[in-house]
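Data first, discussion second: the structure below is written as structure tokens.
The numbers here are math on the coordinates, done by the rules we state, and not lab data. Just so it is clear, the structure is predicted and the values come from calculations on it, not from any experiment. Heads up, the Cβs are rebuilt from the backbone with ideal geometry, glycines too, and the neighbour counts pull from every protein chain shown.
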Ligand code: ARG
């Protein structure tokens with residue numbers, strides 16, 4: 001009965017009671033957190049449905065529920081009250097709250113602090129597909145959001161005791177990959193010649209400037225650049241480039257160059273060596289995808305480009321303190337060999353539609369349209385599930401006429417692997433899959449998931465969730481860019497957050513203790529600022545409903561007031577310092593001693609205790625709805641309620657030793673809950689601030 005979710009406990013008891021008196025024993029008993037404190041702590045609205053079922057008036061139905069459930073909950077709740085028309089107001093007994101908190105042991109040394117919460121009885125096998133950037137490109141803020149949000153999911157689900165597997169589905173394959181390889185060769189050759197990135201940037205700008213210019217203007221420029229490039233490709237040993245020491249930013253530059261060059265060609269025929277330039281990237285892609293010893297050069301370049309990209313991502317993950325590890329990278333390339341089978345399976349499984357009979361369920365049909373293999377998806381009434389903006393039915397293309405596979409094909413192969421092959425400690429195949437991408441990919445996910453259902457791979461037993469999120473906007477309310485209109489470099493963004501945090505911290509310490517800044521030396525202050533800076537970037541990604549867009553602002557995320565990381569970290573540090581002060585004055589006390597009782601006589605104590613007891617309920621909501629902002633609000637409320645408790649209820653000056661110990665215990669439980677809660681959001685606490 002203790003230290004589990006109170007909401008679950010109430011639901012179970014109400015559900016059973018309602019079943020016993022003739023209600024639906026499987027229906028949701030409608031127990032919710034009360035909307036206002038005057039209605040109690042929870043409410044139950046099951047009386048309306050029961051009244052309808054039994055032909056009673058709602059107050060009568062409510063009476064019956066109360067009579068049936070009350071004996072079961074005598075130890076847990078105060079006498080139940082009925083409010084019009086038939087709401088049942090539920091107020092927890094203070095003795096129950098105290099008992100819940102008393103049952104939480106101090107954390108064992110070195111072990112994870114679980115705050116007394118048991119792990120789920122039936123762990124799910126969960127895959128969280130997150131971060132998933134594309135190679136040869138810097139991550140943008142969208143990938144940063146996916147990384148931060150996905151990591152919070154992994155931590156919360158893992159904490160609950162689920163079996164969680166992280167998957168970083170990087171874009172390391174597909175049609176663009178030929179350009180990446182060419183980009184690597186290009187940049188390696190240029191750097192070897194001693195050219196500086198700035199010169200390459202100038203050339204890219206020159207190419208961009210060609211856009212829309214007449215053919216006669218474009219031709220000579222393109223020919224000159226192509227001739228230089230041919231020389232590179234002839235003279236340089238491409239083999240050596242595989243080992244060249246190249247950073248991601250340089251690789252990206254090479255890639256952008258190739259993109260700009262190809263984009264500028266238009267109807268012109270430009271040759272590089274003997275090949276028509278416009279066809280070269282596709283040719284390289286094909287050579288790579290064919291494999292075989294004759295294409296080893298392409299393979300090596302691809303491997304190097306991937307390595308450079310993975311190293312860049314991993315260093316960012318490490319800096320952010322997210323859980324992703326090199327072994328979690330399982331990108332699009334991993335599914336290359338499975339793609340033909342996806343097409344075969346679609347061919348064999350999706351039957352032509354027969355409109356004369358009602359369909360049992362949504363279904364799909366495979367058709368070849370102008371050489372491309374397409375999946376059309378219908379609902380049970382034979383209506384197309386997806387349409388263009390102009391109302392035409394929209395297919396999902398799985399193979400182009402030239403044989404190339406697409407993003408959706410790879411996602412089908414990936415979900416097949418995840419559902420049937422992927423190995424967890426406790427067995428094979430995921431029972432829940434969470435995808436974390438921005439909301440613009442919504443339709444892509446709806447389509448390939450519908451196809452996976454039509455194929456019979458994805459059954460209702462598996463819970464698939466596409467956790468979408470909104471955009472990060474600049475102060476101008478447009479997608480975040482630097483002043484020069486470039487993508488923001490994530491490392492620089494973190495640098496900035498950290499250095500601002502350091503400045504604020506130094507100022508604060510100067511004010512409090514003068515220039516000697518108290519007991520914190522330079523290294524300690526830097527570490528605190530690092531945690532605040534990284535924490536602030538993460539927290540601002542997590543604090544509001546993930547689907548809302550938000551304006552990126554260092555000032556807002558680093559503010560000491562409001563629901564921000566610095567505020568939360570400060571609240572934690574403050575409680576710890578209160579605690580240290582009491583200990584310093586009174587010597588080591590053990591608030592977890594066997595005789596210590598938690599006293600909740602003051603309303604502020606009760607409010608704080610109730611909040612602490614709601615932690616388990618909160619995690620359940622966060623995990624089910626994939627809603628980290630619910631945890632942020634919870635922690636914010638907890639911090640506020642703690643401050644009110646602390647103002648109203650003296651700890652050091654408590655009227656008695658036993659009351660002092662009780663309050664110290666509340667302090668410590670609050671600190672632990674903040675610590676665990678922030679940890680689940682991926683935020684490291686600071687002991688002083
Ligand atoms: N690489 C993709 C992108 O940058 C995201 C991949 C998300 N995961 C997936 N299974 N499709 O947009």
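Tell me the angle of helix 490-513 to the major Cα principal axis of the chain, expressed in degrees between 0 and 90 and rounded to the nearest ten.
Roughly 40 degrees, rounded to the nearest 10.
Between segment 376-397 and segment 76-134, what's the alpha-carbon centroid distance in Å?
Comparing the Cα centres of segment 376-397 and segment 76-134, I get a distance of 44 Å.
Provide the FRET efficiency to the nearest 0.05 for the residue 475-residue 426 pair, computing r from the beta carbons and using R0 = 51 Å.
E between residue 475 and residue 426, to the nearest 0.05, is 0.60.
Let a ≥ b ≥ c be the square roots of the eigenvalues of the Cα gyration tensor of the chain; is it rounded (a/c under 1.5), or, if not, prolate (a/b larger than b/c) or oblate?
oblate
Where does helix 522-542 land angle-wise versus the long Cα axis of the chain, in degrees 0 to 90, nearest 10?
Tilt of helix 522-542: around 90 degrees.
What whole-number distance in Å separates the alpha-carbon centres of segment 566-622 and segment 289-307?
A separation of 58 Å, based on Cα centres.
Hey, can you rank 358-368, 130-140, 386-396, 446-456 by average C-beta count inside 10 Å, highest first?
Averaged packing, sorted descending, gives the order 130-140, 446-456, 358-368, 386-396.
If packing is taken as the mean number of other Cβ atoms within 10 Å per residue, what is the order of 40-50, 13-23, 341-351, highest first?
40-50, 13-23, 341-351
Would you please put 174-181, 80-87, 464-471 in order of how densely packed they are, using the mean number of other Cβ atoms within 10 angstrom per residue and starting with the highest?
In decreasing order of mean packing, 174-181, 80-87, 464-471 become 174-181, 464-471, 80-87.
Mind giving me the FRET efficiency for residue 353 and residue 625? R0 is 30 Å, r the Cβ-Cβ distance, nearest 0.05 is fine.
Using R0 = 30 Å, I get an efficiency of 0.25.
Let a ≥ b ≥ c be the square roots of the eigenvalues of the Cα gyration tensor of segment 368-485; is it rounded (a/c under 1.5), or, if not, prolate (a/b larger than b/c) or oblate? Walk me through the numbers before you get to the answer.
Working: a/c = 1.78, a/b = 1.18, b/c = 1.51.
It comes out oblate by the Cα gyration axes.
Where does the chain land at 222 nm, in deg cm²/dmol rounded to the nearest 500, when only DSSP H runs of n ≥ 4 count, each adding -39500 (n - 2.57), divided by all residues? Please list the in-between numbers first.
Values: 23 runs with 343 residues, N = 689.
Computed ellipticity for the chain at 222 nm equals -16500 deg cm²/dmol.
Just check segment 1-44 against the gyration tensor rule for me: Cα atoms, a ≥ b ≥ c as the square roots of the eigenvalues, rounded for a/c under 1.5, and otherwise prolate or oblate depending on whether a/b exceeds b/c.
Oblate, because a/c is 1.5 or more while a/b does not exceed b/c.
Expressed as an acute angle from 0 to 90° and rounded to the nearest 10, what is the orientation of the C-alpha long axis of helix 58-69 relative to the principal long axis of the chain?
Its long axis makes an angle of about 80 degrees.
Residues in segment 535-577, backbone N under 15 Å from the label point at residue 113 (7 Å along the Cα-to-beta-carbon vector): list them, ranges by number please.
Residues 569-577 fall inside that zone.
Tell me, in nm to one decimal, what length is gained between residue 208 and residue 508 on full extension, where the rule is 0.36 nm per residue of separation less the Cα-Cα distance?
103.2 nm
What fraction of the DSSP beta bridges in the chain is antiparallel, stated in percent and rounded to the nearest 5?
So the antiparallel bridges in the chain amount to around 60 percent.
What is the distance in Å between the Cα centres of segment 255-285 and segment 41-59?
71
Relative to the present Cα-Cα distance, how much length would full extension add between residue 228 and residue 247 at 0.36 nm per residue of separation? Walk me through the intermediate numbers first.
Details: separation 19, 0.36 × 19 = 6.84 nm, distance 2.30 nm.
Stretched fully, the residue 228-residue 247 segment lengthens by 4.5 nm.
Relative contact order of segment 6-161: what whole-number percent is it, with Cα pairs under 8 angstrom and at least 6 residues apart?
On the way: 186 pairs, mean separation 23.9, N = 156.
With pairs under 8 Å counted, the relative contact order is 15 percent.
Would you work out the relative contact order for segment 589-689, in percent, from Cα pairs under 8 angstrom that are 6 or more residues apart?
Reported as a whole number, the value is 37 percent.
Before anything else, pin down the relative contact order of the chain: Cα pairs under 8 Å, at least 6 apart, normalised by residue count, whole percent.
14
Give me the Å³ per residue figure for the convex hull around the C-alpha atoms of segment 302-419.
Cα convex hull per residue, to the nearest whole number: 170 Å³.
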